[in-house]
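For reference, the structure is listed below as structure tokens.
Bear in mind these aren't lab numbers, they're just calculated from the coordinates by the rules spelled out. All of these numbers come straight from a predicted model, not from anything done at the bench. Methodologically, a virtual Cβ is constructed for each residue, glycine included, from the backbone with ideal geometry; neighbour enumeration extends over all protein chains shown.
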């Protein structure tokens, strides 16, 4: 119990100090997993993106990024099928599929997507991709070639030739990156994503270790 209380107290201070470091309080985080929502919650910043509590398989995410204006102009429609073992709710956006895991219904997910997409600031975009959801090496290369100045792809092993890659340790025995917002098996309360210094990333200082 004592260790648990100490770890929670340390984590509260850790988050407070990260919030103080964050200069860019209004980034629009575009991600292919629910990572954006966790970061916004921890940093106490608004959801300036529809990509909160949502996801896309890798190939669809690349297509979304290649023609974002087009897909944002489309209102998603609900699908009656579910994706994967976790049974993600699914929506159709033109030829793309949107995945939602944390909303009470697909209709609620669509309503929040529509509300939040109007908040996107295209002059303050930060693109995060995770090597998951059927991600192939070709997808990683395609992401690296996208013309966004502020982008990073979280990968499960080093890819020295990929300029936008950040090697997120802890998933070496897997074929992809696991759940980045899970807690690491350490005394201090840290998520896997905390190894990536997303505060420096949002502040415009590039890709660094946490």
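Among the numbered conditions (1) in a helix (DSSP H, G or I); (2) without any contact (Cβ under 8 Å) to a residue 40 or more places away in the chain; (3) under 28 Å from residue 17 (Cα atoms), tell me where residue 39 comes up short.
(2)
So which of 194, 173 is out of contact with any strand residue (DSSP E or B) (no Cβ under 8 Å at 6 or more places or on another chain), assigned to a loop (DSSP other than H, G, I, E, B) and either free of Cβ contacts under 8 Å to residues at least 24 places away in the same chain or more than 24 Å from residue 46 (Cβ to Cβ) (or both)?
173 is the lone residue from the list that is out of contact with any strand residue (DSSP E or B) (no Cβ under 8 Å at 6 or more places or on another chain), assigned to a loop (DSSP other than H, G, I, E, B) and either free of Cβ contacts under 8 Å to residues at least 24 places away in the same chain or more than 24 Å from residue 46 (Cβ to Cβ) (or both).
Check 94, 138 and return the single one that is surrounded by fewer than 19 Cβ atoms within 10 Å (Cβ to Cβ), farther than 22 Å from residue 190 by Cα and out of contact with any helix residue (DSSP H, G or I) (no Cβ under 7 Å at 6 or more places or on another chain).
Being surrounded by fewer than 19 Cβ atoms within 10 Å (Cβ to Cβ), farther than 22 Å from residue 190 by Cα and out of contact with any helix residue (DSSP H, G or I) (no Cβ under 7 Å at 6 or more places or on another chain) holds for just one of 94, 138, which is 138.
Picking from 26, 75, 91, which residue would you name as being under 20 Å from the mean Cα position of the chain (by Cα), outside any helix (DSSP H, G or I), touching a residue at least 24 places away in the same chain (Cβ under 8 Å) and on the phi < 0 side of the Ramachandran plot? Reasoning before the result, please.
Values: 75 fails: under 20 Å from the mean Cα position of the chain (by Cα); 91 fails: touching a residue at least 24 places away in the same chain (Cβ under 8 Å).
26 is the lone residue from the list that is under 20 Å from the mean Cα position of the chain (by Cα), outside any helix (DSSP H, G or I), touching a residue at least 24 places away in the same chain (Cβ under 8 Å) and on the phi < 0 side of the Ramachandran plot.
State whether one or more residues within segment 114-123 are touching a strand residue (DSSP E or B) at 6+ places or on another chain (Cβ under 6 Å), buried (at least 21 other Cβ atoms within 10 Å of the Cβ) and touching a residue at least 24 places away in the same chain (Cβ under 8 Å).
No: segment 114-123 contains no residue that is touching a strand residue (DSSP E or B) at 6+ places or on another chain (Cβ under 6 Å), buried (at least 21 other Cβ atoms within 10 Å of the Cβ) and touching a residue at least 24 places away in the same chain (Cβ under 8 Å).
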